Amino acid sequence: MAQEDPTWKIFFDENPKPVHFHENVNLIQDFCHQASVKKNRVALVTSGGTTVPLEQNTVRFIDNFSAGTRGSASAEYFLEAGYQVIFLHRSKSLEPYFRHLVGKNIFDMIEVSPDNVTVDKKHQFELGKLAEKFQRHKCNLLMISFSTLSDYLWLLQATAQQMQILGPSALLYLAAAVSDFYIPASQMPCHKIQSSGGPLSLSLQLVPKMLAPLVTLWAPNAFIVSFKLETNETLLETKSKESLLKYHHHVVIGNLLDSRKVYVVLVDSNSRNVEEIRLSTSDLESDIEIESKIVGNLKTRHDQYYADHKTGAISN
Ligand code: PAZ
């Protein structure tokens with residue numbers, strides 16, 4: 001009897017590729033190729049929430065919670081740690097370096113005279129430092145954006161596949177908030193849903209769990225870190241452990257909606273102990289971000305993973 005396609009394959013059959021897909025894949029391919037020639041490590045950082053459109057000509061959509069703080073801050077720390085970074089992010093969510101300017105008015109930072117425009121004294125140090133960091137790292141940063149769940153999954157699959165040439169030098173850091181439910185393209189009305197039709201009932205399908213093919217097929221040698229977001233503290237550790245047991249990747253980072261900026265737990269496939277990272281009062285007073293500690297911690301684990309691969313202690 002012929003075997004049915006797995007649900008993740010059916011998802012890609014039923015949902016079309018995003019616009020500019022091939023251009024983006026070419027950019028990712030070149031970026032990975034250059035990194036492999038230079039023997040650089042590459043981190044794929046996913047960031048921001050996916051949307052689930054309700055109509056093909058989309059007026060309304062369901063959104064997933066995420067400002068992109070975790071991803072954009074982490075991308076900066078990966079760059080500082082020597083990684084090249086592919087930043088797969090929700091369009092218009094926070095971006096590395098630019099995030100520090102959000103909520104600030106650029107016109108309040110400049111002085112205009114008849115023949116010159118300069119940064120005012122008060123902002124020179126801060127802006128100068130930021131611009132210097134951005135200039136130093138921009139050639140190691142590839143920005144790719146998505147909006148919908150389907151765009152995200154197509155780009156995730158393609159990026160992971162392109163990263164295969166990097167072997168164990170590749171690290172996947174999956175911080176994006178990805179919807180668990182969606183409306184298949186074939187079941188979506190073409191035009192704006194009319195309120196004259198009365199109250200709206202929605203029936204959403206389950207999104208296939210893409211971590212399974214990601215770990216086994218798309219990026220079998222990469223070091224893979226996923227995030228688990230919960231709102232109930234009593235579930236955090238159990239759910240994080242369950243995810244690791246189910247998908248056999250390397251690290252799950254559990255976080256709670258309310259405390260995600262100061263506290264996370266790390267569950268590692270190589271250890272029975274759960275590690276906690278918690279910012280102290282003095283960390284907070286020194287403006288230390290939890291992402292600097294998360295990335296430092298993962299770099300050590302990735303170093304070990306890489307070394308084990310090279311000595312043959314791990315082989316896929
Ligand atoms: O982007 P942000 O800093 O506001 O939030 C980050 C986060 C909570 C979305 C992220 O840490 C996370 O848990 N991502 C995975 C979410 C999920 O379980 O799908």
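Numbers at a glance
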| read-out | value |
| --- | --- |
| Candidate set: region 180-236, residues that are in a helix (DSSP H, G or I) and among the hydroxyl-bearing types (Ser, Thr, Tyr); chosen: the one surrounded by the most Cβ atoms within 10 Å (Cβ to Cβ) | 216 |
| Any hit, region 249-263, residues being basic (Lys, Arg), more than 10 Å from the ligand (Cβ to nearest atom) and either under 18 Å from residue 171 (Cβ atoms) or surrounded by fewer than 17 Cβ atoms within 10 Å (Cβ to Cβ) (or both) | no |
| Condition check for residue 209: within 16 Å of the ligand (Cβ to nearest atom) and in contact (Cβ under 8 Å) with a residue 60 or more places away in the chain | yes |
| Lone unmet requirement of (1) away from the ligand (no atom under 14 Å from the Cβ); (2) part of a loop (DSSP other than H, G, I, E, B) for residue 241 | (2) |
| Residue 252 vs. criteria modelled with pLDDT of 95 or more, assigned to a strand (DSSP E or B), over 17 Å from the mean Cα position of the chain (by Cα) and not aromatic (Phe, Trp, Tyr) | no |
| Candidates 54, 79, filtered to the one that is more than 18 Å from residue 144 (Cβ to Cβ), in contact (Cβ under 8 Å) with a residue 40 or more places away in the chain and either surrounded by fewer than 22 Cβ atoms within 10 Å (Cβ to Cβ) or not hydroxyl-bearing (Ser, Thr, Tyr) (or both) | 54 |
| Lone unmet requirement of (1) of a type in the set (D, E, K, R); (2) more than 22 Å from residue 45 (Cα to Cα); (3) away from the ligand (no atom under 16 Å from the Cβ); (4) surrounded by 12 or more Cβ atoms within 10 Å (Cβ to Cβ) for residue 303 | (2) |
| Pairs where the first residue, in region 17-44, is of a type in the set (Lys, Arg) and the second is assigned to a helix (DSSP H, G or I), C-beta under 6 Å, 6+ apart | 17/154; 41/169 |
| So residue 235, is it within 16 Å of the ligand (Cβ to nearest atom), touching a His at 6+ places or on another chain (Cβ under 9 Å) and not basic (Lys, Arg) | no |
| Selection status of residue 88, within 15 Å of the chain's Cα centre (by Cα), at pLDDT 95 or above and among the aliphatic types (A, V, I, L, M) | yes |
| All strands (runs of 3 or more DSSP E) inside region 102-168 with 1 or more residues being of a type in the set (S, T, N, Q) and under 30 Å from residue 38 (Cα atoms) | 141-146 |
| Residue in region 104-114 that is touching a strand residue (DSSP E or B) at 6+ places or on another chain (Cβ under 7 Å), over 27 Å from residue 178 (Cα atoms) and of a type in the set (Ser, Thr, Tyr) present | no |
| Breaking point among (1) buried (at least 21 other Cβ atoms within 10 Å of the Cβ); (2) of a type in the set (A, V, I, L, M, F, W, C); (3) farther than 14 Å from residue 52 by Cβ, for residue 176 | (3) |
| Check on residue 75, assigned to a loop (DSSP other than H, G, I, E, B), closer than 30 Å to residue 40 by Cα and at pLDDT 95 or above | no |
| Strands (runs of 3 or more DSSP E) contained entirely in region 17-65, each with at least 1 residues that are more than 16 Å from the ligand (Cβ to nearest atom) and more than 23 Å from residue 303 (Cα to Cα) | 51-53, 61-63 |
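The values are calculated or read from the model by the stated rules, or taken from the named source; none is laboratory data. Remember, it's a predicted structure, so these values are computed and weren't measured experimentally. For neighbour counting, all protein chains shown are included, and Cβ atoms are generated from backbone atoms with ideal geometry for every residue, glycine included.
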